[in-house]
Every structure is written in C-alpha cells, then in structure tokens.
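*Asks:* Encoded as structure tokens, here's the structure I'll be asking about.
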Amino acid sequence: MPTPDTPFDQQVADLRPYLMKFARLQLRNEAWAEDAVSETLLAALARPQSFERRSQLKTWLVGILKHKVVDALRHHGREICVGEDADDAREDPLEHMAFKADGHFAETPADWGNPEQDLDNRQFMTILEACTERLPAVQGRLFLMREWLELSTDEICKELALTPTNLYVLLHRARLRLRECLEQNRFARTRRP
C-alpha cells in the first residue's frame, strides 16, 4: 500500500496489476491489454500534474484506461469475433428458470440486502469479477462495454456490427448468468427460509 511519501511514479507502477486485470477482462487479449495498460501508464506519467487528487489514483487511472480500451476495441474491431460462440449456440438453461409465462418471477429473488453497502465490500467485488470472467467471451465483452465502460447501445452496435435486438439478447443472457453466479456465491447465505 503506497504511503504519502511514495513517489508518484511508484504509486502508478504499483497499480499496474490491477489495471492489467481490468484490461484483460474487457479485451480478452493479452497483447491488447498490455498495450492499453502501457499507454495508460505513459499518459499518467507524462502528465502527473493532471491528477488533481479529486479521486483516488486508482480511479483516475481506470478512467484513463477506459478510453484506451475503447481505442483498442475500435482499432482491433475487425479482429474481434462477435459471432455465435459455442455457449451461445446452445439453448440457454437460464432463460427458462427466471420467469413464468405471465412475466412474474418463477421464484422470488433472494434478498440481496443493501446493494450500496455491498458495492463497497471488497469481497463482493472479487466475486463479481470472478463471475464476469466466467461469462462466455462475447457476453462478457458486451456486458463490460455497457456496464463498466458505459458505452451507449448505439456505440456498441456500431463498433461490433450488432443489431440492437442481438445486443439486448446477449446482455440479457449475461445478466441472468451473473445473477445466478452472484446468488450462488454471495447472496445464497442471505436467503430467508
């Protein structure tokens, strides 16, 4: 953990593993992730005065990295395969478990407590990241683009040549898988009998 006496460049370098994890999750390509993180670190070290300490250093660096990831996705757009992968080609068992024909939940969702408190909980974030890594590649990439990079539907569809309907289906599947994973690994113990 850096101290206030730690030089800025060392504090930035110490956050490299965290940035690599974020970039790998989004890009799913080691070389692209390495490039995005390197460009982020170079940008931060080239202009340390632009870090105005209005946020944590990690938050500031992730903000820079988000832009580098979007640039990498645009640059390598033709290399990203968004077609049917093996997991998407098969019938998704989660689609049949969540809702009745009338649109109501088939089973009442578990009480997740106070989500705002859980967002601050490091254990929750670790489980969320692990669940995100387990998503099929296409679903994981689209979910991260939408929820973590906060790209609009139009931007994602344009970048990956998807129809909005296809995007919504893939995002729906990703959210169902994440919900199931979170309930199994985090919220199962809070479920009331």
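*Asks:* Can you tell me how many residues in segment 16-71 are over 23 Å from residue 156 (Cα atoms), among the aromatic types (Phe, Trp, Tyr) and part of a helix (DSSP H, G or I)?
*Replies:* Summing the residues that are over 23 Å from residue 156 (Cα atoms), among the aromatic types (Phe, Trp, Tyr) and part of a helix (DSSP H, G or I) in segment 16-71 gives 2.
*Asks:* Restricting the search to segment 25-56, which residues are under 20 Å from the mean Cα position of the chain (by Cα), more than 25 Å from residue 127 (Cβ to Cβ) and small (Gly, Ala, Ser)?
*Replies:* Within segment 25-56, 31, 38 qualify.
*Asks:* Here's another thing I want to ask about it. Mind listing whichever residues of segment 158-178 are crowded, with 19+ Cβ neighbours inside 10 Å and within 16 Å of residue 134 (Cβ to Cβ)?
*Replies:* Once the filter is applied, which keeps residues that are crowded, with 19+ Cβ neighbours inside 10 Å and within 16 Å of residue 134 (Cβ to Cβ), segment 158-178 yields 170, 173, 174, 177, 178.
*Asks:* Now a separate question. Pick out, from segment 106-193, the helices (runs of 4 or more DSSP H) lying fully within it that include 1 or more residues that are farther than 25 Å from residue 19 by Cβ and either more than 12 Å from the chain's Cα centre (by Cα) or at pLDDT 85 or above (or both). Can you show your working first?
*Replies:* Working: elements: 115-119, 122-134, 137-147, 153-160, 164-182.
By residue number, 115-119, 153-160, 164-182.
The values are calculated or read from the model by the stated rules, or taken from the named source; none is laboratory data. All values derive from a computational prediction rather than experimental measurement. Heads up, the Cβs are rebuilt from the backbone with ideal geometry, glycines too, and the neighbour counts pull from every protein chain shown.
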